[in-house]
């Protein structure tokens, strides 16, 4: 089955710790995205990548980092610089790099909690 | 700047009622795309529809229908004969050239049996 997988489903972070969220897609999509969702709010874009080895900051990139070494993988690291990391993180992908028209398809999400 | 407003934070209806979710957008571009997504309790966003700014035809898909009116910058979503499985958070989103996807805050729909 083609789709987007995210792991883990739940992740706990201690103060001062970096954690990495996994996102993998087997849809052969060029573009991938990371969003953050806070309770009762819409999605906000953290980072996006339109092609391997290239990525761009979104609206709330501070405290996060990404890499795109393979087409199918786009991991997100939540660094200790992110002071309020508790949120639901959603990964998405779209077929082409053209962000205007392309529908984004989403993974099941990772819920990050700070201990 | 572009913006999406979903003024209805929460809506509750009884099963089999019709319900309309409102979406109002702001953009200066003439070319843009509008989307609706459904987020059930599991959390994953499910794509429902995409509409480009040059296509104002209304669309119907089963119990779902969408009304796009450029004159009022609205892209409303109607569920006919609602069912309990329709309970979810629904997001409207906008994209245009040079801008990232912008999501509205969402409307939580509860369909009661």
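The values are calculated or read from the model by the stated rules, or taken from the named source; none is laboratory data. No experiment lies behind these values; they were computed from the predicted model shown. So basically every Cβ, Gly included, is an ideal-geometry build from the backbone, and we count neighbours across all protein chains shown.
Here is a yes/no grid of residues against (1) loosely packed, with under 13 Cβ neighbours inside 10 Å; (2) in contact (Cβ under 8 Å) with a residue 40 or more places away in the chain:
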position	(1), (2)
B:6	no, yes
B:10	yes, yes
B:16	yes, yes
B:22	no, yes
B:30	yes, no
B:39	no, yes
B:57	yes, no
B:63	no, no
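The residue that is nearest to residue B:36 (Cα to Cα), among those in region B:79-113 that are part of a helix (DSSP H, G or I) and in contact with a strand residue (DSSP E or B) (Cβ under 7 Å, 6 or more places away or on another chain), is B:86.
Selection of region B:22-39 for residues being away from chain A (no Cβ under 11 Å) and more than 10 Å from residue B:75 (Cβ to Cβ) yields B:26, B:27, B:28, B:30. Any residue in region B:72-89 that is within 14 Å of another protein chain (Cβ to nearest Cβ) and touching a residue at least 24 places away in the same chain (Cβ under 8 Å)? Yes: region B:72-89 contains one or more residues that are within 14 Å of another protein chain (Cβ to nearest Cβ) and touching a residue at least 24 places away in the same chain (Cβ under 8 Å).
In contact with a strand residue (DSSP E or B) (Cβ under 8 Å, 6 or more places away or on another chain) and at the interface with another protein chain (Cβ under 9 Å from one of its Cβ atoms) - does that describe any residue in region A:62-84? No, because not a single residue in region A:62-84 is in contact with a strand residue (DSSP E or B) (Cβ under 8 Å, 6 or more places away or on another chain) and at the interface with another protein chain (Cβ under 9 Å from one of its Cβ atoms). Among the conditions (1) on the phi < 0 side of the Ramachandran plot; (2) away from chain B (no Cβ under 13 Å), the only one that residue A:42 does not satisfy is (2). Residues of region B:73-112 that are over 30 Å from residue A:60 (Cα atoms) and either at pLDDT below 95 or surrounded by fewer than 19 Cβ atoms within 10 Å (Cβ to Cβ) (or both): B:78, B:80, B:81, B:83, B:84, B:85, B:110, B:112.
Comparison of A:17, A:6, A:50 shows that the only residue that is within 13 Å of chain B (Cβ to nearest Cβ) and either farther than 23 Å from residue B:103 by Cβ or more than 11 Å from the chain's Cα centre (by Cα) (or both) is A:50. The strands (runs of 3 or more DSSP E) found entirely in region B:1-78 that carry 2 or more residues being under 15 Å from residue B:102 (Cα atoms) are B:3-5, B:24-26, B:32-39, B:46-52.
Is one or more of the residues making up region B:55-69 over 18 Å from residue B:108 (Cβ atoms), touching a strand residue (DSSP E or B) at 6+ places or on another chain (Cβ under 6 Å) and within 14 Å of chain A (Cβ to nearest Cβ)? No - not one qualifying residue is present in region B:55-69.
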